[in-house]
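These notes are about the structure you will find just below.
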Amino acid sequence: MPPLFEPMTINGMTLANRFVRSATWEGLASSDGCVTQALIDCMTRLADGGVGLIITGHAFVEREGQASPWQLGLHDEASIPGLKKLVGAVHARKGRIVAQLAHAGRRAKTQESDMPPRILSTTDETSPGLKEMGPDALKAVVNAFATAAQRAQDAGFDGVQLHAAHGYLLSQSLSPKENRRSDGYGGSMPHRMRLLLEVYAAVRERVGPHFPVLIKLNSADHVDGGLSLEEACIVATRLAEEGIDAIEVSGGTPESGKLTPIRPRITCPDEEAYFREAGKAIKASVNIPVIVVGGIRSLQTATDLYERKEADLISLCRPLIREPNLVNRWRKGDTRPATCTSCCRCFVPALKGEGIRCMMRHR
């Protein structure tokens, strides 16, 4: 059997294969962030389809950090019964599932939370009248991540992933463009990574050494004055030294133009794996598993990434919206590329409250 379909273990979490469902906003939670049957059905289709590790869509750790309507939340004890049902359904299919923990920072949607966003640093994009977080607010955010991780553990998740990519709060803290603080949380790279390191330390203390803690990390912001790949490698190295269990390499923000995290019109192998070089650089900096995401559409590209030692696991997003059974299809010998056309229309129904789904007919 090809290596990508063989089991592997991350800090005691054994996966059936090296394929990962990258965290994707499903738009299927209830208005208060709780699990719905539709969300459970979405996750079980992925487990039935052979995905080795499912990472949930970004779950907000406190209401001030909610980024989207119908977004999953880990902000309240009331969410735990639904989360247990979700995890139980995935485990019944012998799947593994990790909760992604996120905070939107200045990108939070106040119309969803009825609360002002947490502002790490005032910038040109900051709304007038909003002030950057003081010491108490920073401690509250750190505690919110740790408490959310504890809830995920209590609900039976196999691990958690910290979302430090795509211009959300932990990504904002790493960016010299976004983070203009003049205290110990801003300025040089060691100071800009302080909030992330405090979040990781608090999460690790809460869940213990044997519970997998992963991170999704921007390899670069792809905006003038943003985080660079060289800086991302420094962050990755420090996280590995502190004990993070795996790094998923992504990049870009909503302001990155053609270099956003989600890129349309991937029509040939040369356009696949657009974070390949970033993953290679970060993998060379650490000795822990590296997951590469970004436009991977073919088993050939996935295999090449692994064989060239540029990735230890392969992360997929939109192909699994169209074909939740893609991994099983490849494993059984039908190695045609994913039928996803990269049109990005799958987000249209989600924005209408109908949940994410492929708008194109299956071939």
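Among DSSP beta bridges lying fully in the stretch 121-266, give the percent that are antiparallel, nearest 5.
Working: 0 of 10 bridges.
That works out to approximately 0 percent antiparallel.
If only the Cβ of Lys and Arg carry +1 and only the Cβ of Asp and Glu carry -1, the dipole of the chain around its Cα centre is close to 1080 debye.
For L15, the amide hydrogen comes within under 5 Å of the amide hydrogens of M8, T9, I10, counting only partners 5 or more places away or on other chains and with H modelled in the peptide plane.
Among T9, T253, T301, T339, sorting on how many other beta-carbon atoms sit within 10 Å of each Cβ, with the fewest leading, yields T9, T339, T301, T253. Taking the Cα atoms only, what angle lies between the long axis of helix 37-48 and the longest principal axis of the chain, rounded to 10 degrees? Long axis of 37-48 versus the principal axis of the chain: about 50 degrees.
For L120, the residues whose amide H sits under 5 Å from its own are R106, M133, ignoring neighbours fewer than 5 places away on the same chain, with H placed 1.01 Å from N. Within the stretch 155-170, find all residues whose amide N lies under 20 Å from a label point positioned 7 Å from the Cα of E205 along Cα-to-beta-carbon. Of the residues in the stretch 155-170, 160-163, 170 have backbone N under 20 Å from the label point off E205. Once you order the gyration tensor axes a ≥ b ≥ c over the Cα atoms, which shape class does the chain get: rounded for a/c under 1.5, otherwise prolate or oblate by comparing a/b with b/c? Rounded. Residues K94, K85 in ascending order of nearby Cβ atoms (within 10 Å, fewest first): K94, K85.
The angle separating the long axis of helix 135-155 from the principal Cα axis of greatest extent in the chain is about 30 degrees. Give the angle, between 0 and 90 degrees and rounded to the nearest 10, that separates the Cα long axis of helix 229-242 from the longest principal axis of the Cα atoms of the chain. Long axis of 229-242 versus the principal axis of the chain: about 90 degrees. For Q161, the residues whose amide H sits under 5 Å from its own are A99, Q100, L101, L214, ignoring neighbours fewer than 5 places away on the same chain, with H placed 1.01 Å from N. Distance between the 7 Å Cα→Cβ label points at K94 and D41: 2.6 nm. Per residue, the chain reaches -9500 deg cm²/dmol at 222 nm when only DSSP H runs of four or more residues are counted, each adding -39500 (n - 2.57).
How much of the DSSP beta bridge set in the chain is antiparallel, as a percent to the nearest 5? Walk me through the numbers on the way to the answer.
Details: 3 of 33 bridges.
Roughly 10 percent of the DSSP beta bridges within the chain come out antiparallel.
Overall, the stretch 1-120 carries a charge dipole of about 340 debye about its Cα centre when +1 sits on the Cβ of Lys and Arg and -1 on the Cβ of Asp and Glu, all other atoms neutral. Look at where the Cα atoms of the stretch 208-229 and of the stretch 74-109 average out, and the two centres are 20 Å apart. Taking θ as phi - 60° and the Karplus parameters 6.51, -1.76 and 1.60, the scalar couplings of the stretch 343-359 work out to 7, 6, 6, 5, 7, 4, x, 4, 5, 9, x, 9, x, 6, 6, 6, 8 Hz in sequence order, x denoting glycine and proline. Across the stretch 2-12, computed HN-Hα scalar couplings (Karplus, 6.51 cos²θ - 1.76 cosθ + 1.60, θ = phi - 60°) run x, x, 5, 9, 8, x, 8, 10, 10, 6, x Hz from first to last residue, x flagging Gly and Pro.
Considering Cα pairs under 8 angstrom that are at least six residues apart, work out the relative contact order of the chain and quote it in whole percent. Don't skip to the end; give the middle numbers.
Values: 801 pairs, mean separation 58.9, N = 363.
Rounded, it is 16 percent for the chain.
Taking square-rooted eigenvalues a ≥ b ≥ c of the alpha carbon gyration tensor, is the stretch 255-363 rounded, prolate or oblate, where a/c under 1.5 means rounded and, failing that, a/b exceeding b/c means prolate? Don't skip to the answer; put the middle values down first.
Working: a/c = 2.02, a/b = 1.37, b/c = 1.48.
Oblate, because a/c is 1.5 or more while a/b does not exceed b/c.
Over 31 Å between Cα atoms, which of K258/K309; K109/K177; K177/K352 qualify?
On the way: K258/K309 27 Å; K109/K177 21 Å; K177/K352 33 Å.
From K258/K309; K109/K177; K177/K352, over 31 Å: K177/K352.
Potential lengthening of the chain between K309 and N325 amounts to 3.2 nm, from the contour at 0.36 nm per residue minus the alpha-carbon distance. Computed from backbone phi, the HN-Hα couplings of the stretch 266-273 come to 8, 10, 8, x, 5, 8, 7, 6 Hz, rounded to whole numbers (Karplus: 6.51 cos²θ - 1.76 cosθ + 1.60, θ = phi - 60°; Gly and Pro given as x).
Bear in mind that the values in this text are calculations on the coordinates, not laboratory data. From a predicted model like this one, the values you see are computed outputs, not experimental measurements. Cβ: placed from backbone, ideal geometry, glycine included. Neighbour counts: every protein chain shown.
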